[in-house]
Amino acid sequence: MKILSEVGKYLILMKEVFHKPEKASIYKKQLLLEMDNLGLDSLGIVAIISVFMGAVVTIQMAFNVDSPLIPLYTIGFATRKSVILEFSPTIVSLILAGKVGSRIASEIGTMRVTEQIDALEIMGINTASFLILPKIVACVLMYPFIILISMFLALAGGWLSGVLTGLVASSDYVYGLQYQFKMFDITYALIKTVVFAFLTASVSGHYGYFTSGGALEVGRSSTKAVVNSSIMIILFNLILTQLLLA
Amino acid sequence: MIDVINVSKTFGEHEVLKNINVRFDKGKTNLIIGQSGSGKTVLMKCLVGLFPIDSGTINFDGRSFSTISYEEKKKIRQEIGMLFQGGALFDSMNVEENVIFPLSMFTDMSINEKIDRANFCLKRVNLENVNKLFPSELSGGMKKRVAIARAISANPKYLFCDEPNSGLDPATSIVIDNLISEITQEYQITTVINTHDMNSVIEIGDKIAFIYKGNLWWEGDKNSILNTDNKEINDFVYATELTRRIKGK
């Protein structure tokens with residue numbers, strides 16, 4: 001029953017969030033600010049993780065295809081598949097759920113407990129839309145770029161580790177990256193990314209918005225936001241994979 | 001003028017407000033006083049629409065706040081300024097941005113007009129050269145004054161203040177009280193202040209409503225409150241040794 005009640009509250013909140021904005025120019029300013037806060041600010045951590053994960057995936061592939069019957073370009077091919085289909089869209093989105101989700105929930109939650117949301121409401125502003133919509137739109141717009149950068153850096157990291165350790169020649173790795181390349185893989189990854197971006201921002205916004213109490217509850221909301229965003233990402237990853245690849 | 005007619009509010013089994021009837025006059029500082037937990041904060045939150053009321057009516061100059069549509073409520077809310085206990089300034093905005101925020105949302109004023117208005121309001125609350133400071137860089141009294149400047153920036157018809165003196169020293173409290181009182185008379189605002197500070201009651205209480213256990217127990221002004229025979233009022237007013245000594249003299 002509690003889950004149903006929570007889902008109901010979430011859906012009602014989303015109805016409020018997608019109301020027409022009071023003043024477009026203010027929302028535009030908010031959107032640009034959120035694109036910077038939630039998107040550009042996440043690039044550093046995504047870049048570091050992507051390069052190292054790409055490197056590790058390549059090394060693991062090289063050890064697993066240690067057979068003369070399997071061509072070396074398989075390393076590049078398998079790394080590409082792992083990175084594009086799963087690592088960048090799903091694992092990076094999970095990492096972003098932690099970073100972006102906790103930021104959204106704690107920011108909105110703190111505004112709630114310090115009566116800043118009440119102040120907005122008394123002014124006659126649709127607070128759900130004013131606070132959550134720019135964050136959702138910013139995430140949905142920025143995540144695909146972040147994920148594309150993550151893919152590039154992970155593949156570059158793989159190339160670097162493969163070549164530097166002598167596990168695979170540069171030409172073999174690059175041939176593997178190009179071998180049987182399907183554009184749909186990128187489309188599939190970006191569709192997942194957009195859905196994950198929406199889930200992270202909206203679920204975290206929901207937990208932040210309904211915070212009540214003090215600093216302890218803000219922390220709890222932030223934790224709940226990260227945990228539930230991650231669960232939703234895993235669940236929708238399965239659903240979307242079945243829908244798009246089966 | 002705000003009319004509160006037969007307003008009741010219950011949380012679960014607990015009836016917090018019981019059939020409250022009171023009128024808050026225009027151009028006066030109307031005080032809601034009472035002990036902690038008496039229901040005065042709930043009454044204020046009902047007045048501004050943060051809590052829906054269970055029964056009764058709240059009229060803002062004849063417009064029933066409790067029965068009108070969401071869009072009509074928004075219009076009335078744009079005529080309301082509110083000063084929160086902690087100031088409730090927006091952390092991500094500096095002082096100037098906080099003050100011009102209501103103007104940016106609801107007017108088509110140019111940026112220069114908005115800055116002029118912000119400077120005027122900040123000067124009115126005796127704050128200058130703080131435009132670019134952030135709330136975290138302000139003292140408690142300065143935060144309250146910025147919050148008052150924000151509350152009056154859009155020329156509100158109604159001003160609500162929730163415990164405006166909490167956390168302030170007595171001297172700063174008097175400055176804030178006088179400021180609110182002056183602004184109320186100058187702009188003919190209907191001001192409602194929620195407080196349990198006896199200094200405020202004696203300084204600016206043009207009209208006082210005493211809430212006791214969810215009931216409107218007593219109504220009067222700053223003169224009559226000192227001479228009433230009402231036991232509960234006297235227990236509240238003369239709760240401290242200092243006020244008892246003053247009464248004895």
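Within the stretch B:93-108, track down each residue that is at pLDDT below 90 and more than 8 Å from chain A (Cβ to nearest Cβ).
Answer for the stretch B:93-108, where residues must be at pLDDT below 90 and more than 8 Å from chain A (Cβ to nearest Cβ): B:THR107, B:ASP108.
Among the residues of the stretch B:74-82, is there at least one that is away from every other protein chain (no Cβ under 14 Å), under 19 Å from the mean Cα position of the chain (by Cα) and buried (at least 18 other Cβ atoms within 10 Å of the Cβ)?
Looking for residues that are away from every other protein chain (no Cβ under 14 Å), under 19 Å from the mean Cα position of the chain (by Cα) and buried (at least 18 other Cβ atoms within 10 Å of the Cβ), one finds none in the stretch B:74-82, hence no.
What do you reckon, is A:LEU69 of a type outside the set (Gly, Ala, Ser), outside any helix (DSSP H, G or I) and open to solvent by 30 Å² or more (accessible area, probe 1.4 Å)?
yes
Could you tell me which numbered condition A:ARG80 fails, if it satisfies all but one of (1) open to solvent by 50 Å² or more (accessible area, probe 1.4 Å); (2) among the charged types (D, E, K, R); (3) under 24 Å from A:GLY176 (Cα atoms)?
Status for A:ARG80: all satisfied but (1).
Does the stretch B:14-49 hold any residues that are part of a strand (DSSP E or B), more than 13 Å from B:ASN194 (Cα to Cα) and in contact (Cβ under 8 Å) with a residue 12 or more places away in the chain, and which are they?
Correct list: B:GLU15, B:VAL16, B:LEU17, B:LYS18, B:ASN19, B:ILE20, B:ASN21, B:VAL22, B:ARG23.
Condition test on B:ASP91, is it part of a loop (DSSP other than H, G, I, E, B), touching a residue at least 12 places away in the same chain (Cβ under 8 Å) and of a type in the set (D, E, K, R)?
So B:ASP91 passes the test.
Spot the failing condition for A:SER88; the list is (1) more than 13 Å from A:LEU153 (Cβ to Cβ); (2) open to solvent by less than 20 Å² (accessible area, probe 1.4 Å), and only one is missed.
The one condition A:SER88 does not meet is (1).
How many of the residues making up the stretch A:108-126 are more than 8 Å from chain B (Cβ to nearest Cβ), without any contact (Cβ under 8 Å) to a residue 24 or more places away in the chain and in a loop (DSSP other than H, G, I, E, B)?
Residues in the stretch A:108-126 being more than 8 Å from chain B (Cβ to nearest Cβ), without any contact (Cβ under 8 Å) to a residue 24 or more places away in the chain and in a loop (DSSP other than H, G, I, E, B): 0 in total.
Within the stretch B:104-119, does at least one residue satisfy the condition of being open to solvent by 20 Å² or more (accessible area, probe 1.4 Å), within 20 Å of B:ALA209 (Cα to Cα) and among the acidic types (Asp, Glu)?
no
Taking the stretch A:1-40 as the region of interest, how many residues are of a type in the set (D, E, K, R), surrounded by 13 or more Cβ atoms within 10 Å (Cβ to Cβ) and assigned to a helix (DSSP H, G or I)?
Total satisfying the criteria: 5.
Enumerate the strands (runs of 3 or more DSSP E) found wholly within the stretch B:124-238, keeping only those where 2 or more residues are under 30 Å from B:ILE20 (Cβ atoms) and open to solvent by 20 Å² or more (accessible area, probe 1.4 Å).
Those strands (runs of 3 or more DSSP E) span B:207-212, B:215-220.
Would you check which residues across the stretch B:30-84 are touching a helix residue (DSSP H, G or I) at 6+ places or on another chain (Cβ under 7 Å) and closer than 16 Å to A:LEU120 by Cβ and list them?
Correct list: B:VAL48, B:GLY49, B:LEU50, B:ARG77, B:GLN78, B:ILE80, B:GLY81, B:MET82, B:LEU83, B:PHE84.
Among the residues that make up the stretch A:97-107, is at least one of them surrounded by fewer than 21 Cβ atoms within 10 Å (Cβ to Cβ), facing chain B (nearest Cβ under 8 Å) and of a type outside the set (S, T, N, Q)?
No, the stretch A:97-107 contains no residue that is surrounded by fewer than 21 Cβ atoms within 10 Å (Cβ to Cβ), facing chain B (nearest Cβ under 8 Å) and of a type outside the set (S, T, N, Q).
The values are calculated or read from the model by the stated rules, or taken from the named source; none is laboratory data. All values reported here derive from a predicted model rather than from experimental measurement. Backbone-built Cβ (ideal geometry, glycine too); neighbour counts: all protein chains shown. Please note that ligands, DNA and RNA were not included when accessible areas were found on the heavy atoms of the full protein model with its side chains. Shrake-Rupley method; radii C 1.70, N 1.55, O 1.52, S 1.80 Å.
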